[in-house]
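Following: one structure in structure tokens, then a few remarks.
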Amino acid sequence: MLGWEIFSDDVLDLTIDVLSRHGLGASAIMDANNDTRNIVPAIEASKKAGMKAFPPFVFSVSPVHTDECYVERVKEVIECDIDGNIIKDSGALLTPDRVRTLTPAFREAMGPDLELHFHTHCSSGLGPLCAIEALDHDIDVMHAAITPLAHGNSNPPMEMVAREAVNKGFGVDLDFERLERTAKHFRQQVIRYGKPLGQPKAYDPGLYRHQVPGGMRSNLEAQMESLGLSDRLPAVLEEITRIREELGWPIQVSPLSQYCGVQALFNVVEGERYKTVQAELKKYATGWYGRTPAPIDPNIQDRLSEGDEVITERPGAMIEPMIEKCRKEHGPFASDEDLVMALHFKPKVLDDWRVTRKAREDEAAANTPMTHLVKEISARPEVSYFFSEKDDTRVTHAM
């Protein structure tokens, strides 16, 4: 929602405080490489703002992303008054076998009193099986999607997982009739806006090698097709696998998955590896995204850093406070909300957003059920007036 910039701590604190004031009751703020130094300030800001905190740890497959690694990460945040943790399988890389070991490891590290959430996707074809398996391993909350919007690259289908939970004897506080009505509504919206209905995917073993998330895979394919390079996609995916190992096994979630994908594209198209290096990948190599899961290959480290010093401090602590500077350069601001928006977005982006928002608000106002009812009645010549009533108020409308 707020982009991939690295912000100072005062921006983090204000942003979370403003979100809390607008009704956000819980935070689930992750770090792309599970560096808890970057997660702890967000937990502390959330608790200070009166929110619950459920730090997610992103699952990955590599020699260093073991169950023991995740236990260590949980222990590093357990003293921060967290309310629970989330097993976050953004890349759909979990298998039922790994769920049987990882989920109990989380629970043992967390203890019995904190909430354990389970979050997976269906890109590999195994999402529903993993969700059903997780039910047997002492989770408290399952993340799922209503069926028309489930499957594909989305989450497992809510109705199916909930019924399986009931069949296994768990209490599920859901009204299944209302779920059916909700599913019907979203099925209609999918058709109305010409979007694809969620469909189960076939098992894809290749995903476990390159680990490119489903949404990024779609974007990468479209990008390469527009460049007339669709036939090079297998080479790019193989290059992503190689780059990931060289960079110390970064987890393939935003923004690191994009950086690996773009670098792989450069390497393949230019015919020389790392001839062109993205600025953000240089930041990664010099510590500005936090600790890497494993050391970067020394030769690649030298190529990317170009002799620049690698920082060892938490990145957010290295940045000067930004709020007062923003006030001086772009203020005054009528509210903290306006200040937060200015901190996170360029002026042109904000201007475009305001225009689009106004158009959407006008469209929404013109498409309420009452608006459609009035239009329908107005088109009937035999109707001269009608009544509308709410609570104790009754209004006569003359045609």
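Derivation of every value follows stated rules applied to the coordinates shown; laboratory data play no part. In this text, all values refer to a predicted model and were calculated from it rather than measured experimentally. All Cβ positions, glycine included, derive from the backbone under ideal geometry; neighbour counts span all protein chains shown.
The table below lists the values:
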item	result
Full-stretch length increase - M370, N299 - with 0.36 nm per residue and alpha-carbon distance subtracted	18.9 nm
For the chain, built as a Gaussian network whose Cα springs stay under 10 Å, the top-fluctuating residue of V355, V253, V64	V355
Listed residues M370, M322, M51, most fluctuating in the chain (Gaussian network, C-alpha, under 10 Å)	M370
Karplus (6.51, -1.76, 1.60) ³J(HN,Hα), θ = phi - 60°, over region 291-299, in Hz, Gly and Pro reported as x	5, 7, x, 9, x, 6, 3, x, 5
Residues listed by number, region 96-138, amide nitrogen under 17 Å from C69 label point at 7 Å toward C-beta	98-99, 101-103, 105-106
Cα-derived Rg over Rh, computed across region 69-127 with Rh taken as Kirkwood radius	0.99
Amide H within-cut-off set for A26, under 5 Å, with H built and near neighbours excluded	K52
Cα gyration tensor category, rounded, prolate or oblate, for region 66-166 with a/c compared to 1.5	prolate
Estimated [θ] at 222 nm from DSSP helical runs (n ≥ 4, -39500 (n - 2.57)) normalised by residues in the chain, nearest 500	-15000 deg cm²/dmol
³J(HN,Hα), Karplus 6.51/-1.76/1.60, whole Hz, each residue of region 328-337, x for Gly, Pro	5, 7, 10, x, x, 10, 6, 7, 5, 4
Virtual spin-label span in nm between T396 and E225, 7 Å along Cα→Cβ	6.0
Full-stretch length increase - R354, Y274 - with 0.36 nm per residue and alpha-carbon distance subtracted	24.8 nm
Sequence of T103, T276, T286 once ranked by neighbouring C-beta atoms within 10 Å, starting from the fewest	T276, T286, T103
0 to 90° range, to nearest 10: angle between helix 347-365 axis and the chain longest Cα axis	30
Shape category assigned to the chain from the gyration tensor of Cα positions, a/c cut at 1.5	prolate
Footprinting exposure proxy for F59, F118 (fewest neighbouring C-beta atoms within 10 Å first)	F59, F118
Order by protection proxy (mean Cβ within 10 Å, highest first), peptides 382-395, 191-204	191-204, 382-395
Angle in degrees between helix 158-167 and the longest Cα principal axis of the chain, rounded to the nearest 10	80
Burial ranking of peptide ranges 298-305, 86-93 (average Cβ count within 10 Å, highest at the top)	86-93, 298-305
Highest-first arrangement of 339-347, 121-129, where packing means the average Cβ count within 10 Å	121-129, 339-347
For region 68-75, 3J(HN,Hα) per residue [Karplus equation, 6.51 cos²θ - 1.76 cosθ + 1.60, θ = phi - 60°, Hz, x = Gly/Pro]	5, 4, 5, 4, 4, 5, 4, 4
Which of E245, E306 has the fewest Cβ neighbours within 10 Å, and the rest in rising order	E306, E245
Within a Gaussian network of the chain (alpha carbon springs, distance under 10 Å), most fluctuating of L14, L220, L373	L373
